[in-house]
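In what follows, a structure is listed as structure tokens, so that the remarks can point back to it.
The values are calculated or read from the model by the stated rules, or taken from the named source; none is laboratory data. Predicted model only: the values in this text are computed from it and were never measured. Because the Cβ atoms are built from the backbone with ideal geometry, glycine has one as well, and the counts that use them run over all protein chains shown. Side chains included, ligands, DNA and RNA excluded: accessible areas come from the protein's heavy atoms. Shrake-Rupley method; radii C 1.70, N 1.55, O 1.52, S 1.80 Å.
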Amino acid sequence: MSNRKTVEGWVGIFVVARVFALGVLAFRVGNLASADVSDGYRVEARFENVGSLKVRSAITLAGVRVGRVAAIHSDPESFQAVVVLNIDGRYKNLPADTSASILTSGLLGEQYIELEPGGAEEPLKEGSRIKLTQSAMVLEKLVGRLLTAFIDKPADNKK
């Protein structure tokens, strides 16, 4: 009887350890680790359309992740989407005229923000606003434009 309880105890410990390991793996795969941005600063960018951009989406510079999206909300006066960017402190020398574009990784992948540095001598700082932005490309709108281009095109009536 004692031997059976020992085996059940070890099985229980093993099951708990596996559940814990799966939880850690889920957080790692989901990029939900909290140590992404150290000594960061926040700037804002306004877009006409953010597509499916989400809070915690990556911010990249030349393909290297330099931060995360901290918040997304709508401005009730301009009706634009306001995106708050949390940029890692190691990148405090980004020029003030840096531009931001919403891109998609792959054909139907996750959306992220790509920063492209400008040439200004003054750097971005806490509370700055990125003025040059490129909104997300919405696949449905592109398909709609393509279809209307074919419909509106006059047919050739050569005889």
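Out of the total accessible area of segment 1-102 (probe 1.4 Å, heavy atoms of protein only), what percent is carbon and sulfur? Accessible surface attributable to carbon and sulfur in segment 1-102 totals 61 percent. Farthest towards the positive end of the charge dipole of segment 59-159, among the residues Leu124, Leu146, Gln80, is the Cα of Leu146, using unit charges on the Cβ of Lys, Arg, Asp and Glu.
Using DSSP to define loop residues, name the GluC sites (Glu not before Pro) in segment 38-144 whose beta-carbon has at most 10 other beta-carbon atoms within 10 Å. Don't skip to the answer; put the middle values down first.
Details: sites: Glu44, Glu48, Glu77, Glu110, Glu114, Glu121, Glu126, Glu140; in loops: Glu48, Glu77, Glu110, Glu121, Glu126.
Taking segment 38-144 and a limit of 10 other Cβ atoms within 10 Å, the loop GluC sites (Glu not before Pro) found are Glu77, Glu121, Glu126.
Note on the chain: dipole from Cβ charges, positive end direction compared against Thr104, Ile13, Gly89; the farthest Cα belongs to Ile13.
Convex hull of alpha carbon positions in the chain: directionally averaged projected area 19.1 nm².
The Cα center of segment 97-157 and the Cα center of segment 1-26 differ in position by 50 Å. Only Lys, Arg, Asp and Glu carry charge here, each on its Cβ (+1 for the first two, -1 for the last two); on that basis segment 68-159 has a dipole of about 400 debye about its Cα centre.
With n ≥ 4 as the cut-off for DSSP H runs, can you work out [θ] at 222 nm for the chain, using -39500 (n - 2.57) per run divided by the number of residues, rounded to the nearest 500?
Working: 2 runs with 42 residues, N = 159.
It lands at -9000 deg cm²/dmol.
Placing +1 on each Lys and Arg Cβ and -1 on each Asp and Glu Cβ, with no other charges, gives the chain a dipole about its Cα centre of roughly 700 debye.
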